Each structure stands twice: as C-alpha cells, then as structure tokens.
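The values are calculated or read from the model by the stated rules, or taken from the named source; none is laboratory data. Everything numeric in this text was worked out from a predicted model, so none of it was measured. Cβ placement follows ideal geometry from the backbone for every residue including glycine, while neighbour counts extend to all protein chains displayed.
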Amino acid sequence: MTSPSSPPPAAPPPKQGPPKALLIGLLTVLVGGAVAGGFLLGRRGKSGGGSSGGAPLVTGERQGPPSAGAEVEGMPEAEVATMEVPGTAAPAAVWVDVHHPGKVREALAGNAWLKEQLGKPLGQGFVGGWAAFFGSTGEDLKGEFKGAVLDLVANQLLDAPFRVVWFAGDARASTPAFIVPKPGGATTSAFDALDKVANRGGMNAASCPGGAAGTYEMKRWLVAEQTLWAARSADRMVLARHPVAVLEGLCTPLPELEAKDTVDVELGFDPDAYGREVQLLTSIVGVAPGARLQFGVEGNKFVGRGITGQLLDGPARLDSAPLSDDLLKLVPEETPVLLAFQLKLPESLEPETLKAFWTEGGGKGATRTRQVALVWTPRGDSSLPVEMAVLWGRPEDKAALEGLFSGGYNKLVSGTACNHVVLASNAAELERLTKACEGKTPNLLNAAGPVVAGLRAPTSVAFGVNTGRLLSGLTMDGFWSESRVGRNAPVPKSAPPEIEAARRDLESLPYLGLRGTVQGDSLVPGGFGS
C-alpha cells in the first residue's frame, strides 16, 4: 500500500518488529489459544503419543538420546550454560491479557466446536508434538504430583491472571512469553513440581538486555522431546519456548492486570513497534497509545466487548456515525478484515491544508466527516499478491486522493462504486468490490442480522473480523505454499480431503465485531457479532 505524498508530520523512528499481520493476530491468538486450551481441558488423564523432530531452540544446545515417550529414563544430563545477552531490550509489540483464566478455561472446556475439532486432523495438527508434553502424567515422570501435566499447567500454573506478550526486535524473542505477575502459593508449588521432574539444565544471564547487571536463571524443561523454558523471580513467573523471550519477560515492566468483570481477555499493542505506517494511522485518528480490544465470555463462547482507549489532546479527530448502507453494500460478505473510521478532516484535502491540520496545535477551521474504511484479505504465503483497498465515502475527493496516493512503489488502482472512491491494491481487488456493489456477489448487507445491526450502530472506530473466512484462507494458503517442491513445480489441482474438511469447519466460526465510540476524551467500547 502506498502512503500519501504529503503525509502528516514525521513520527518517531520506526523500530524493527514482528510482521504487521500481528495487528490482526487477535484472531489467531483467540482461536489458536482456544484449540490449545480445549486440548488442555479436554484430554484430562490421557497420555498422548508422538514427538516433535524440530530444530533445537538454542544454538549449541546439547541434545540427548531420544526420549522413550514421556518417561524420564535416557534423558540428557542437566547442564547450565551462559547466555549471550542481547545488547538492547526488545519492547513489547503486542500482548494478550487473560484477566479471568478460570472463566475462560470453563468456556473452552464446554465449547462443542472445540471438542469436535480436537478429534479431527485440524485439532490434532494444531496440537502436534505438544500432545505428549501435556498428556504426560506425574506417574509417567515419577513426580510428586498426580494427573496430567495439562492439569498442573491449566489449573495451577496459569490459574491467576496472566499476560501473553510478543516482543519486537530480536527474532529469538518473537515467540510468545507467558508472564504471571506476583505468583501465589499454588503457582509456585506447581512450578516447583514440574521443575523437579522436567529440569534439564538451563542458562544464566548476567544482565537484562541492554540493562543493569544482575543474575537471571532460565530453566530448561524437557518432556517428550518438547522444550519449554521457565523462570521465576520475586515478582513474576515467565514461560516461553526460547530463553531470550523468558529473559525479556523477566525484565519488561510488570503488567497491571485489571479489568471490568465483563472483560475477560484484552489485546493491546504498541504502535511504535510497527513502524511509520501504524504510527501515522494512530496519529491521524487521534488515539493515544494504550488502546485495547476487549473480549468477554458468554456461556461457552467468546464475544466482542469493544475498543477502548484515550484520545490524544487537542481537537477531536474522530466523529460518531453509523456505517452507511452504501459502504456495507460495497464490502464483500466474505471479506476477512474490515477497519472503518469516521474521520474529521478539512474541507479541502490539498497537501498544505492537511499538513497544517495535522501539525501540533492544528485542527482549526471548517471540517467535514469522511467515512473511511480499509478492507484486507491477509494471505498465508508472502509470494501471493496483496489484497487490500481503501474505501473513501466522498466521491468529490477522488482527484485529491489520487494525487495524495500517487507516489510510492505500489501503484493503486482507483475507481468509484457505491458512492465511494475505491483505491485498490490491484485490478482484481477493485473488480471484487465492484461486483459486491452491483449485487453480483454477496455483500455485508447479506451478513447475519446481528452483524448488520452492529455495523449500523453509531461508531467512531469499527473493527470486524470474519474469523471463518480469515482462518480458512490462511489454512489453504499455508497448505499450497508447503505443497510446492520448487518455484516452477505445478500446483496440485485439488487439496486433500482433510484440508477441505478443515476449511469447512473453520468457515463455521462466527463474525467478531468491535467498535469504539467517542465520548469526551475516550472511546466507549461496544461489541457485536454473529
């Protein structure tokens, strides 16, 4: 996607971070975590089979002889190495806070869709080699606890509020770290019990990344050929698949995990970790760092609670209005991601006018609210073309928009449909939107009644994710990318039956919608979905 030729004032220098697809990583986290959680809760007392033959997580890590299932015989001797500490700290890029683990756990355990999928290739493929790790029992490991490792983890180790965080920067720290602030007696007892039977050495660090000297010990837990790294300090416990992620988790500021009783899960992100594009977007809409997507549990399913956050000081840059039927008619029903704003902008979109409007102390003069939406189809293969479009709800601005977006390497294809200017990443994307507008393919007006009603409610920021279409498409893209044996190899004519079955099951997942509506100096959250 190109950026305007005369953008708002320069944002802080971008930092290296994870892919921008993590901005919609919420769905992957929720659904992926749901499958994993369902496994943890649905296989109590059963021991799984299988193992993982993946590469070691730490270069130079000593590898012992193969493990006989989950038994302790034949395990490598414990060794402690010295970690080469990264020279700079990695900021938290995106995080998920689980405020009420027990409530979430019960919802996962009772969800019929998850129970069904765990017996199919979709669920089994997701769990993979971790089935043996979590299916191992205290009796298998000759430990002092009874039952499966999954019971110990789900019921004690992660029973208090916790944060799952992905760090920007060092790729070794990009695996998620689980942080439990101020672990209580049950958590520490579970930690000690698992450490006693699974500890196979570890690593010591003499400082935090880029920080003051100290002593930090990361323990290596090995069960059924799966490695998990763990550490505990006076104020937290941290788990991750890589020791650097554990060290970052020990050194990052301790999270304050507080939320309303109706909010069970929150997603937050740091715009600075995603470079200039995301920084500019948050600056343009006037939302301060710290905005969060909120979710709750109702019965055995997750529902959207809304978008919350503080607004930047100065004149409001967001208005409140329903999404128009013209916009809903223009967006294909199958679109995986929709992000829409009601933006207050100057009457004129000339570069100098916009520059003055966006500078500090600007925002003066007559404004007009524009309805602006971004539609996006994330792809699971980097070689596939980008499928994205900006929908601008004022056709009179077309000439100005084409001038603003004329620079850059990625040329946009422009058109007009359903009283909106469309700036698409390619001609095929423009044609897809045009067909929806003309009624030749289903559009959002054909979506489920609660979804249409939620999109028509007054809102300042709306975020909708068709989870079924999103995950189904990513699954297929991933399968085809893995199926290619060479650049010029022919693509198979059809996917195996189990892949098609997995796609159909994923497509049954609901639509999740969240909105934030300006009230005073903050966004008031609201949620909707199918």
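Here residue 131 fits the description: within 25 Å of the chain's Cα centre (by Cα), modelled with pLDDT under 80, aliphatic (A, V, I, L, M) and crowded, with 21+ Cβ neighbours inside 10 Å. Listed conditions (1) in contact with a Ser or Thr (Cβ under 9 Å, 6 or more places away or on another chain); (2) farther than 19 Å from residue 236 by Cα; (3) modelled with pLDDT of 85 or more are all met by residue 140, apart from (3).
For (1) assigned to a loop (DSSP other than H, G, I, E, B); (2) more than 21 Å from residue 466 (Cα to Cα); (3) at pLDDT below 90, each residue gets a yes or a no:
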{"position": "328", "(1), (2), (3)": "no, no, no"}
{"position": "335", "(1), (2), (3)": "yes, no, no"}
{"position": "341", "(1), (2), (3)": "no, no, no"}
{"position": "349", "(1), (2), (3)": "yes, yes, yes"}
{"position": "352", "(1), (2), (3)": "no, yes, yes"}
{"position": "355", "(1), (2), (3)": "no, yes, yes"}
{"position": "360", "(1), (2), (3)": "yes, yes, yes"}
{"position": "364", "(1), (2), (3)": "yes, yes, yes"}
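Taken over the range 270-298, the criterion of being farther than 30 Å from residue 349 by Cα and not assigned by TED's automatic domain parsing to the domain that holds residue 339 is satisfied by no residue.
Can you name every residue in the range 210-226 that is assigned to a loop (DSSP other than H, G, I, E, B) and buried (at least 22 other Cβ atoms within 10 Å of the Cβ)?
224
Collect the residues in the range 499-527 that are over 30 Å from residue 317 (Cβ atoms), outside any loop (DSSP other than H, G, I, E, B) and among the small types (Gly, Ala, Ser), keeping them in residue-number order.
Matches in the range 499-527: 501, 502.
Whenever a residue of the range 105-123 is more than 17 Å from residue 505 (Cβ to Cβ), its partners that are polar (S, T, N, Q), lying with C-beta atoms within less than 6 angstrom and at least six residues away or across chains, give the pairs 107/300; 110/300. Taking residue 426, is it modelled with pLDDT under 90 and assigned by TED's automatic domain parsing to the domain that holds residue 466? No; evaluated as a whole, the condition is false for this residue.
When the range 315-348 is limited to residues that are under 19 Å from residue 516 (Cα atoms) and of a type in the set (Lys, Arg), the one that is surrounded by the fewest Cβ atoms within 10 Å (Cβ to Cβ) turns out to be 344.
Among the residues here, residue 257 qualifies as aliphatic (A, V, I, L, M) and within 19 Å of residue 179 (Cα to Cα). Screening residue 122 against (1) modelled with pLDDT of 85 or more; (2) within 23 Å of the chain's Cα centre (by Cα) leaves a single unmet condition, (1). Suppose the filter is at pLDDT 85 or above, out of contact with any Gly (no Cβ under 8 Å at 6 or more places or on another chain), β-branched (Val, Ile, Thr) and outside the structural domain of residue 374 (by TED's automatic domain parsing); does residue 227 pass it? Taking the combined requirement at face value, the residue satisfies it. Among the candidates 263, 297, the residue that is farther than 28 Å from residue 388 by Cα, out of contact with any Leu (no Cβ under 8 Å at 6 or more places or on another chain), assigned to a loop (DSSP other than H, G, I, E, B) and modelled with pLDDT of 90 or more is uniquely 263. Residue-level analysis places residue 434 among those that are at pLDDT 95 or above, over 30 Å from residue 294 (Cα atoms) and β-branched (Val, Ile, Thr).
Of all residues in the range 266-294, those that are of a type in the set (A, V, I, L, M, F, W, C) and in a helix (DSSP H, G or I) total 6. Each residue in the range 370-424 was checked for being in contact (Cβ under 8 Å) with a residue 24 or more places away in the chain, in contact with a Phe, Trp or Tyr (Cβ under 9 Å, 6 or more places away or on another chain) and outside any loop (DSSP other than H, G, I, E, B), and 13 of them qualify. Residues 288, 366: which one is farther than 24 Å from residue 162 by Cβ, small (Gly, Ala, Ser) and over 28 Å from the mean Cα position of the chain (by Cα)? Being farther than 24 Å from residue 162 by Cβ, small (Gly, Ala, Ser) and over 28 Å from the mean Cα position of the chain (by Cα) holds for just one of 288, 366, which is 366. From the list 98, 104, 85, 153, the one residue that fits, being touching an Asp or Glu at 6+ places or on another chain (Cβ under 9 Å) and closer than 25 Å to residue 219 by Cα, is 98. Quick check: is even one residue across the range 75-83 touching a helix residue (DSSP H, G or I) at 6+ places or on another chain (Cβ under 9 Å), at pLDDT 85 or above and not small (Gly, Ala, Ser)? There is at least one residue in the range 75-83 that is touching a helix residue (DSSP H, G or I) at 6+ places or on another chain (Cβ under 9 Å), at pLDDT 85 or above and not small (Gly, Ala, Ser).
Among the criteria (1) at pLDDT 85 or above; (2) buried (at least 18 other Cβ atoms within 10 Å of the Cβ); (3) not basic (Lys, Arg); (4) not assigned by TED's automatic domain parsing to the domain that holds residue 423, the one residue 234 does not fulfil is (2).
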